[in-house]
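Written below as structure tokens is the structure these notes are about.
Where a number appears in this text, it was derived from the coordinates with a stated rule and is not lab data. Bear in mind the structure is a predicted one, so any value in this text is a computation, not a measurement. Using ideal geometry, Cβ is built from the backbone for each residue, glycine included, and neighbour counts are taken over all protein chains shown.
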Amino acid sequence: MEGTDGNQEQEIYIDTLLIGAIAEKSSQPTVAIKLNNSAQETLFKIGTGAEANVIPKSIFDRLKPKPQLNKTSQILVAYGGTRIPIVGVCSINFDTQSNPVLGYQASVEMGFVKVATSISSLSTKKSVQKNPIPKEFDDVFAGIGKIPGKVEIYVEKNAIPSINPVRRIPFALHERVKSKLECLEKLDIIERVVAPTKWVNSIIAMEKSDSLLRLCLDPRELNKSIQRPYYPMPTFEDIAAKIHGHNKFSKLDAASGYLMLALTEKSSLVTTFNTPFGRYKYKRMPFGLICAQDEFQQKMEETFGNLKGVGVIVDNILVSGKDEEHDEDLRIVLEKAREVGVRFNPKKCIFRSTSVPCFGHLITADGIKSDPSKVQAIIEMLLHPSNKDELATFPGMTNFLSKYIPNLSSLNYPLRELGKQTVFEWTHEHATAMNRIRTLICNNLATFDTKAKNVEMKTNASKHGLRAELSVCGKIVAFGSMAFTSTEQNYSQIEKEPYAILYGCKKFHQFVYGRRIIAQTDHKPLEAILSKPLSQAPPRLQRMMIQLQPYDIMVQYVRGKDLPVADTLSRLHPPDFDEECSLEIEFHVHSVMKSIPTVPKTPDNRSTGQIFQDSPYRTPRTPTPPSAANSESRNREDYSRPYVTRTGRVVKPRKIMDI
């Protein structure tokens with residue numbers, strides 16, 4: 001690495017930087033190089049993603065003759081955006097025993113890395129390795145499948161049927177909803193209903209970020225009366241026994257999985273739903289029914305469960321084997337899928353990989369390892385607190401996890417002393433103490449017990465981010481975290497808290513899907529809000545509640561001090577966010593809000609109540625005395641936007657009441 005003239009800063013990217021990592025057999029190539037004509041060789045790792053050559057200062061000090069150390073304005077940036085302080089050109093002040101890194105440019109110039117500019121023709125031999133999806137199986141990766149047989153939905157005999165009214169759909173979406181219904185009818189997924197039915201559900205039309213329209217059934221009342229079969233899900237031990245000694249893995253994802261299950265005529269009638277264009281019923285298993293995951297798991301087990309080297313996890317099929325044996329097993333699975341009418345989504349499939357995630361573990365050719373994503377939130381947690389308030393949240397979390405951290409009192413002594421100081425000065429000693437504690441937390445996480453019944457997910461949302469923690473029988477299994485976008489930071493707290501639960505369910509999907517989970521939150525109103533009918537929720541919460549329908553969740557309020565881990569992670573957050581999830585929610589809300597009539601500007605000297613009483617949005621009625629207003633109905637009107645909302649929903653102006 002050479003210095004640059006002038007004072008202008010220049011950033012140089014370092015692909016990875018390992019701090020106190022556990023030594024393991026690494027596949028990263030190394031090369032021995034003599035530095036500065038020294039007789040002693042130095043072992044370099046070849047980092048093709050690194051834009052600079054880096055050596056620790058300890059190696060620089062041993063060089064004889066010692067080269068001149070020049071100042072530089074260049075900046076080293078590690079993966080994740082962390083800046084690495086530089087002592088001088090070709091040297092960094094980093095106390096580690098890690099190997100130096102030989103950057104991409106130097107590796108190419110010295111001939112250690114060669115860049116191929118063309119690819120020779122491959123063998124035409126039929127092999128999954130050369131062609132992961134053989135042309136002969138193109139039909140298995142297209143369309144929506146249909147598994148033979150029909151599924152019965154069992155409703156309790158004493159259940160009281162529910163008739164839900166038509167859910168109003170924005171006029172701008174009417175034609176698209178009508179076209180979607182016609183398309184589903186042609187695919188034999190739904191069918192028009194004319195005769196009276198005991199059950200009538202509602203639907204919601206949602207626009208996705210890719211401009212596609214999705215119709216979602218709202219079966220909340222129906223789910224209360226369905227008798228769930230509770231088909232047993234496979235345990236990790238079941239999967240591990242099948243993949244022992246294998247070195248190649250493939251993962252197949254079922255496309256529109258539930259829609260592959262046909263319903264009996266009786267079961268089809270209970271899924272009847274209302275639309276502005278009449279009533280329809282599902283002929284296939286709809287998304288959102290509480291029994292869907294059990295029925296689908298049973299069908300997939302019956303179809304693929306007895307095949308060699310195959311494990312079935314709801315809508316995922318894991319295929320494993322040794323080299324060509326794996327290829328043959330995969331071919332058998334694809335042939336079976338074609339035979340029974342199962343279809344896969346090629347965008348979500350993994351073929352002939354050396355590792356795949358499973359139940360919080362990473363199944364590899366070298367054995368079973370802990371999945372790094374379980375502790376990503378802890379690893380990426382804010383490294384350098386800037387004040388005492390930020391520092392104070394970390395000891396609270398570590399004290400809660402003290403049973404997982406040996407000799408905690410000695411390790412966090414420097415941090416406790418810093419909190420007592422008048423002047424806050426973060427040093428290398430404090431960073432080392434925090435890193436050691438974080439490493440111990442990550443290394444002592446519990447293994448997920450797939451047979452456990454007491455599964456808890458603790459979530460918390462702060463101003464800048466949200467975090468989730470998954471535990472089984474009181475033992476922490478995994479962490480998750482996400483920073484808010486600028487738009488999400490403007491969400492109200494009642495929107496951020498369910499967003500944290502939704503994030504946790506998606507983050508820990510492999511753990512929580514298909515089982516009863518307790519979602520603990522320190523936001524008490526959430527208990528009542530998530531138990532209300534979908535039609536009574538504000539637009540943004542509707543979107544979140546729809547995405548939570550596949551999960552069996554019971555929301556439980558706990559005091560904030562009893563959620564130290566989730567609370568700490570929500571405040572000491574890494575600078576990342578789930579853009580896809582954010583865009584989906586905003587896109588749906590925008591589709592509702594974009595055609596709303598606005599309210600005229602009102603004088604500032606009137607109270608909120610007076611504005612609403614005088615507003616063209618207010619329906620004339622006898623004024624209610626202030627003393628009669630209960631706590632639940634206070635502050636439900638919002639005048640901060642150019643339209644009036646009540647409990648998050650738009651209030652219709654009087655002049656368009658009759659439209």
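Along the range 488-498, what does the Karplus equation 6.51 cos²θ - 1.76 cosθ + 1.60 (θ = phi - 60°) give for ³J(HN,Hα), rounded to whole Hz, x for Gly and Pro?
Going residue by residue, I get 5, 5, 8, 4, 6, 5, 5, 8, 5, 5, x Hz, with x marking Gly and Pro.
For a test of the definition: using alpha carbon positions, the gyration tensor, and the 1.5 limit on a/c, classify the range 297-361 as rounded, prolate or oblate. Kindly include the intermediate steps, with their values, before the conclusion.
Details: a/c = 1.43, a/b = 1.17, b/c = 1.23.
Taking the square roots of the gyration eigenvalues as a ≥ b ≥ c, the range 297-361 is rounded.
Give me H246, H428, H174 sorted ascending by neighbouring Cβ count inside 10 Å, so fewest comes first.
Ranking H246, H428, H174 by Cβ neighbours within 10 Å, fewest first, gives H428, H174, H246.
Going by amide H atoms built from the backbone, whose H comes under 5 Å of the H on F351, apart from near neighbours?
Sorted by chain and number, the residues that satisfy this are K251.
Holding the Cα-Cα limit at 30 Å, pick out from K420/K496; K180/K458; K157/K299 the pairs that are longer than that.
Too far apart for the 30 Å limit: K420/K496; K180/K458.
Could you tell me how far the Cα centroid of the range 486-517 sits from the Cα centroid of the range 284-325, in Å?
26 Å
Add +1 for every Lys or Arg and -1 for every Asp or Glu among the other residues with Cβ under 12 Å from the Cβ of M545, and state the total.
Values: positive: R220, K532, R540, R543; negative: D218, E495.
Net charge in that neighbourhood comes out at +2.
Arrange the following residues from fewest to most other Cβ atoms within 10 Å of their Cβ: D61, D366.
D61, D366
Just add up the charged neighbours of T271: K/R +1, D/E -1, any other residue whose Cβ is under 14 Å from the Cβ of T271. The partial results should precede the final answer.
On the way: positive: K150, R192, K198, R220, K266, R279, K281, K283, R284; negative: E152, E191, D218, E221, E265, E295.
With Lys, Arg at +1 and Asp, Glu at -1, the neighbours total +3.
Quick check: from the Cα gyration tensor, does the range 150-367 come out rounded (a/c under 1.5), prolate or oblate? Working shown, then result.
Numbers: a/c = 2.58, a/b = 1.93, b/c = 1.34.
Cα axes put the range 150-367 in the prolate bin.
Fewest Cβ neighbours within 10 Å first, please rank S162, S267, S320, S386 accordingly. Display every interim value, and only then the final one.
Numbers: S162 17, S267 22, S320 26, S386 10.
If I rank by nearby Cβ atoms, fewest first, I get S386, S162, S267, S320.
For V193, which sequence-distant residues (separation of 5 or more, or a different chain) have an amide H within less than 5 Å of its own amide H, given hydrogens modelled in the peptide plane?
It is R279, Y280, K281, by chain and number.
Ranked highest first by the average count of other Cβ atoms within 10 Å around their residues, in what order do 147-160, 289-302 fall? If you can, show how the numbers build up before the last one.
Details: 147-160: 13.6, 289-302: 20.6.
By packing density, highest mean first, the sequence is 289-302, 147-160.
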